[in-house]
Structure formats: C-alpha cells, structure tokens
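Quick notes on the structure that follows.
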Amino acid sequence: MENFAIRFLISNLFVSIIIGILLSAKLIFKKNLSNRMQYNLWFVFLTILVVPFLPIRLVGFLQILSWIENLGSPTTFDNKIITQPTILLNAPDTTNWVNDFTLSVSRKAPSIVWLFLLGIWAVGIFITFILIIKSYLLLHQLKKSSLPLQNREVWKLYTQCLREMNVKKEIPIYSTAFLKSPIIVGLFKPSIYLPIHLISDYNITEMRYMLLHELQHYRYKDALANHLMNLAGVIYWFNPFVWYALKEMRNDREVACDTSVLEMISENEYEAYGNTLIDFAEKVSLLPFPFASGIGGNLKQMKQRILNIASYETPSFRKKLKGIASFSLIALLLISLTPVLSIYACTENHYQWETKNETITSTDLSSYYKGYDGSFVLYDLENNVWEIYNKDYATLRSAPNSTYKIFIALFGLETGIITREQSQMKWNQEIYPFETWNTDQDLNSAMKNSVNWYFQSINSQIGFQTVKKYIQEIGYGNQDINGDFSSYWMESSLKISPIEQVNLLKKLYRNDFGFSTENVQALKDAICLSSSTQGSIYGKTGTGQVNGQNINGWFIGYIELSGHTYFFSTNIQAESDATGSKAYEIALSILSDLQIWN
C-alpha cells in the first residue's frame with residue numbers, strides 16, 4: 001500500500017505534465033486539427049489515465065521512478081539487525097547437506113503519513129461517487145416527471161431529423177418542466193428530453209438545430225465518453241489539472257458536435273445556428289447531470305463555440321491530411337510518455353513467461369502445500385517438458401535469499417576473487433549466532449552452512465557495477481540490486497520467480513553463459529548434496545525471515561540420473577514457518593512420489 005501511494009503520487013505529477021504537453025500541442029497544431037480531432041485526442045488522455053493501474057511491463061524512465069521511490073520510502077531492509085536467528089535442522093540421513101541458516105531482516109511498518117493519504121484518497125472517491133449517485137437520482141426523478149412528446153409539429157420535425165441523420169434506432173423523446181436546455185442521456189437506451197418552454201416557444205429553425213445537435217451526441221457515442229470522464233473524475237478527484245482537462249474535454253465535445261451540425265447544414269445557415277447558441281447563452285445554465293450531453297454550457301464556453309462557428313470553413317483535402325498527420329504525431333507523443341505512469345511496472349512482480357514453444361503440464365500438488373502458498377516447478381531436460389503446480393506463483397517473483405549465493409559464488413570464481421584451488425577466506429572475527437560461521441571458510445563449507453559474511457565479502461570485492469553487469473548478462477529475475485548492496489537478495493530489491501530459477505539452473509548446467517568450464521564445475525561441486533549409484537542431486541535452500549518470522553522458503557536444484565536430468569524449484573510463502581528446510585521436505589516428497597528421487 002505504501003509503495004502504491006508513493007508511485008501513484010509520482011504518476012500524478014507526470015499526468016499533470018502530460019496534460020500541459022497535450023494542451024500545448026493542441027494550441028500549436030490548432031490550425032491543422034479539426035474540432036473532432038481535437039476532441040478525440042482527449043480519448044488518448046483518458047487511456048493514459050488507466051496506465052498507472054495496469055500491471056504491465058514497461059521500461060526506460062521507470063528507473064527514475066524506482067530511484068524516487070527508494071529515496072522517499074521509509075521502508076528499509078537491514079540484515080545487520082538480528083532479531084531472532086533461525087537455525088534449521090540438517091536434512092535427515094545426509095552428510096553433506098546445505099544447512100539452512102538465516103538471519104532476520106528488519107522491515108519497518110508503513111509510514112502513517114502514506115496510510116493517511118491513502119485514507120483521504122479513498123474518502124474523496126467515496127464522496128465524489130455519492131455526488132454522482134445524487135445526480136443519478138435527480139435524473140431518475142426527471143424521468144418520472146417527464147411525458148412523451150405530444151406536440152405534433154415538434155414530433156414531425158424530430159422524425160425528419162432522424163431521417164436526415166440516418167438514425168435507425170428508436171430514441172424516445174420526452175418533454176419536461178425541470179430543464180432549461182435539451183439533453184440526451186442513456187448509454188444503452190438513449191432518450192432525449194426537451195424543456196417545455198422551448199416547445200411552447202416553438203421555433204422550427206432553432207428546434208431543428210437543437211435536435212441535430214443532440215443526435216450528433218448519439219452518433220458519436222458521447223454517453224460512453226461521459227461515463228469515462230466521470231470515472232476519471234472520481235479516481236483523480238484530488239488532481240486539479242485532471243479536472244481542468246476534463247472540463248476542456250467537455251467543451252471540445254460540444255465544439256465537435258457544433259462542427260458536425262455545421263457539416264450538415266448549408267453555409268448560409270451558420271449565422272442562424274450561432275444565433276441559436278447566443279439565445280441559449282442568455283437562458284440556460286450548466287447541466288445538473290454529469291452523464292448527460294446537451295447543447296447548453298456556460299457563457300465562456302458559448303463564446304468559444306460561437307467564435308468557432310463564425311470562423312468555420314469546410315476543410316480541404318490537404319487540410320484533412322495535415323490534420324491526420326498532426327493527430328497521429330500528438331497521439332504517438334502522448335503514448336510514448338505512458339511508461340512513466342506505471343505503478344506496478346517498477347516492481348515487475350510477475351515474470352512474463354513466453355510459453356508458445358513450451359510443453360507444460362499442470363499438476364495439483366496442493367496436498368503437499370497445506371498451510372502454505374507457493375509453487376513447484378519441474379523441468380525434464382531430455383523431453384523438454386515442464387510440470388508445474390500453481391502457475392500464478394510459479395511466475396511470481398520473490399526474494400531469492402540464500403539461493404542467490406549460487407550465483408554470487410559463480411561471479412566470484414569468474415572474477416578470480418576465489419578459485420577452485422584457493423577459495424578460503426579468513427573469518428572476520430565478528431561473532432555470529434551460528435557456531436559454524438565463526439571460523440575460516442572455503443567455498444564448500446560456506447555453501448553448505450550458508451555463511452553470509454563469506455558471500456557478502458565476495459560481493460563487495462566484485463563491486464556494484466560488475467555485479468550489475470553479470471546480473472544483466474544472465475538475466476537474473478528483475479535485475480534490481482538497488483537495495484542495500486550487502487543484502488539486496490535478502491527480502492529486499494532483487495526478486496526472482498520459480499520458473500526463472502529453473503531456467504537459470506538449466507543454463508548454468510549447460511554453461512549457456514559462456515563462463516569458464518572449470519569455474520562452473522567448481523560451483524557444481526559446491527552445491528552437490530548427495531551422490532550415489534542412483535545418481536546425484538544438487539541444490540540450495542533459502543529462507544527469508546522478516547521481523548523474526550520465516551515468510552519465504554526456497555529449495556532449488558537439479559538431479560542427474562542415468563539418461564535423465566531434472567531441474568526443480570520449490571517455493572513456499574506464509575506469514576510464518578515458511579523455511580528452506582520445509583521447502584526441501586516438500587520437494588523431496590514430490591520427487592519421491594514422482595519416482596524421480598528416493
């Protein structure tokens with residue numbers, strides 16, 4: 001929720017800038033754009049307003065959003081704050097198993113300020129929605145008090161306008177004493193409402209113009225546009241720039257309708273149509289219904305519309321082409337700015353897996369996951385077949401925790417910080433809660449006992465830029481190492497999905513990364529858990545502990561059998577007791593029942 005609040009506020013800043021760009025572009029290209037095109041540009045804007053809520057993967061400027069978020073976010077990750085170390089038991093009947101040691105990171109509660117702002121936003125949405133409901137109830141009363149049109153002359157004129165507009169749909173028309181200007185309302189069942197005083201003061205010319213105007217609203221589905229504008233107003237009620245943009249959109253809608261009417265009538269009728277608007281400017285007020293379309297408006301809007309009528313000329317073919325080009329240019333410009341608005345794209349919570357050429361079998365393993373959310377992913381290398389439990393979680397990215405140490409070790413080997421022959425590091429004399437950590441380590445012992453300080457030392461010696469380069473080269477998860485550099489993989493910024501874990505293990509096994517063969521083999525030896533005549537199993541556990549609670553458990557690896565290689569990834573998540581050792585138990589139970597590894 002906190003990240004949502006921060007990113008939504010940042011998105012609104014860019015929404016406001018985009019509004020300024022749109023208004024400036026309309027002013028610059030005003031002579032080229034038709035009134036209808038100027039109005040249609042606002043639909044691009046309405047589409048942009050949806051982008052912050054779409055879980056889409058966007059790139060580029062998102063790094064700036066991520067930086068701003070990290071700058072302003074009170075959420076911190078600190079692996080140095082040990083609240084309650086967890087010592088997880090070795091797997092039974094094994095002598096070289098990877099011990100699942102983990103330290104708790106401290107995560108502060110969301111700031112009350114952001115929760116307060118979210119509360120204000122929610123209350124504002126509620127109040128704005130209530131006002132719209134109130135207008136709907138007023139409209140309901142209007143409908144109840146209205147009568148079907150009785151005036152034969154007006155009805156005859158109305159049917160003539162329907163024919164002129166080539167409208168086949170039956171659109172009821174009513175008379176009412178509670179309006180000052182005509183309106184058309186209804187998304188699926190549109191109806192026109194005429195004020196009684198206009199029927200009493202019947203003027204065939206003015207009435208014809210009014211009816212043509214309302215039918216233009218029907219022709220261009222302005223009722224739908226009204227609902228979209230209202231929805232935008234509800235969600236962005238706090239942004240004055242959005243409200244101004246919506247006001248301009250409504251004004252452009254009426255101008256576009258005026259132009260559509262002008263295209264239907266002869267040039268010598270333009271003055272009469274303009275006089276009709278002037279007459280309305282003296283009599284009518286703003287519409288009480290935000291979802292209705294009408295010929296009326298305030299004095300400023302009427303003045304602009306009258307000036308538009310006075311200067312209207314039938315566009316030439318060349319002007320139409322210039323208008324299309326200008327519209328396309330502005331629309332592309334606005335669309336190109338949408339990546340800066342995505343709220344969820346920075347986190348990239350789900351891996352976008354291309355499954356077109358994959359053979360995937362879904363299997364129900366829920367009985368193994370009682371009390372946990374999570375997934376199990378199995379890949380048969382020889383048959384190129386995936387077996388997946390819970391695909392939603394299989395693509396969900398979470399912190400890799402100690403499973404990432406596989407690749408820290410690989411990067412350390414590649415940079416020469418450690419070698420296959422010489423990987424020992426002296427203990428830094430800091431006292432840790434695990435006795436096995438308080439001694440000198442080599443790669444095998446550090447991997448077996450998941451010794452944080454050993455891998456943190458490798459990481460710091462490699463350096464941020466080199467680690468970032470390697471992460472990007474192998475495509476590790478969301479590739480975000482912007483958290484604390486000593487712990488970005490421990491319930492912090494770096495995240496990866498179970499499917500990505502398997503893909504990386506598969507590439508590591510085949511050395512698709514092009515690393516030194518000797519280094520890859522040294523790493524394989526370090527993560528070998530058991531080897532016998534049956535085959536060999538390689539893997540690493542990982543546990544994410546936050547505020548003393550184990551919330552994220554991993555067990556990933558691969559199995560070599562005679563003629564077969566299987567890669568697997570097990571992830572479990574819960575509010576507590578989700579550990580790497582539990583993920584190991586689940587994985588081995590599944591592999592045993594599948595008769596892959598006993």
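The values are calculated or read from the model by the stated rules, or taken from the named source; none is laboratory data. All figures in this text were calculated on a predicted structure; none of them were measured in a lab. Cβ placement follows ideal geometry from the backbone for every residue including glycine, while neighbour counts extend to all protein chains displayed. The area values use the complete protein model at the heavy-atom level, side chains included, leaving out ligands, DNA and RNA. Shrake-Rupley method; radii C 1.70, N 1.55, O 1.52, S 1.80 Å.
Worth pointing out:
- log₁₀ of I(q)/I(0) at q = 0.08 Å⁻¹ - region 359-594, Debye sum with one point per alpha carbon: -0.28
- Candidate cross-link partners of Lys426 among the aspartates and glutamates, defined by an alpha-carbon separation under 16 Å and a same-chain spacing of 8 or more, comprise Glu435, Asp440, Asp442.
- One decimal place: the segment Asn511-His227 gains 96.7 nm when fully extended, by the rule 0.36 nm per residue minus the C-alpha distance.
- Point-to-point label distance, Leu13-Lys468, nm (Cα→Cβ direction, 7 Å offset): 2.0
- Site pair Leu332 and Ser24 shows an inter-label distance of 1.9 nm when each label is modelled 7 Å from Cα along Cα→Cβ.
- Centre separation in Å (Cα based) which lies between region 538-598 and region 116-180: 61
- When each of the peptides 546-554, 387-395 is scored by the mean number of other C-beta atoms lying within 10 Å of its residues, the order from highest to lowest reads 546-554, 387-395.
- Förster radius 56 Å - calculated FRET efficiency between Lys319 and Thr419, Cβ distance, rounded to 0.05: 0.15
- Measuring between alpha carbons in the structure, the pairs from Lys495/Lys540; Lys143/Lys221; Lys356/Lys468; Lys189/Lys320; Lys370/Lys448; Lys391/Lys448 lying more than 25 angstrom apart are Lys356/Lys468; Lys189/Lys320; Lys370/Lys448; Lys391/Lys448.
- A crude spin-label estimate for the pair Asn444 and Thr359, with each label 7 Å from Cα along the Cβ direction, gives 3.8 nm.
- Inter-part distance where region 380-416 and region 447-478 are each reduced to a Cα centre, Å: 14
- With R₀ set to 56 Å, the beta-carbon distance separating Phe188 from Asn547 gives a calculated FRET efficiency near 0.60.
- Gyration tensor (alpha-carbon) shape descriptor, region 224-280, a/c threshold 1.5: prolate
- By average C-beta atoms within 10 angstrom, highest first, the peptides 426-434, 134-142, 459-467: 459-467, 134-142, 426-434
- Cα gyration tensor category, rounded, prolate or oblate, for region 471-597 with a/c compared to 1.5: oblate
- For region 108-183, the square roots of the Cα gyration tensor eigenvalues, ordered a ≥ b ≥ c, give a/c of at least 1.5 with a/b greater than b/c, which places it in the prolate category.
- Per-residue 3J(HN,Hα) values for region 7-20, derived from phi via the Karplus relation 6.51 cos²θ - 1.76 cosθ + 1.60 with θ = phi - 60°, read 6, 5, 5, 5, 4, 5, 4, 6, 4, 5, 5, 5, 4, x Hz in sequence order (x marks Gly and Pro).
- Near-label residues of region 194-228 by backbone N, under 20 Å of a point 7 Å along Cα→Cβ of Thr47: 220-228
- J(HN,Hα) series, region 131-138, from Karplus relation 6.51 cos²θ - 1.76 cosθ + 1.60, nearest Hz, glycine and proline x: 5, 5, 4, 4, 5, 5, 5, 5
- The peptide list 442-452, 195-205, put in order of mean Cβ contacts within 10 Å with the highest first, becomes 442-452, 195-205.
- Amide H contacts of Ala578 (H built 1.01 Å from N, in plane; Pro and chain starts excluded): Asn550, Ile551, Asn552 sit under 5 Å, all sequence-distant by 5 or more or on other chains.
- Here region 359-594 exposes an accessible surface that is 41 percent carbon and sulfur, computed with a 1.4 Å probe and the other protein chains kept in place.
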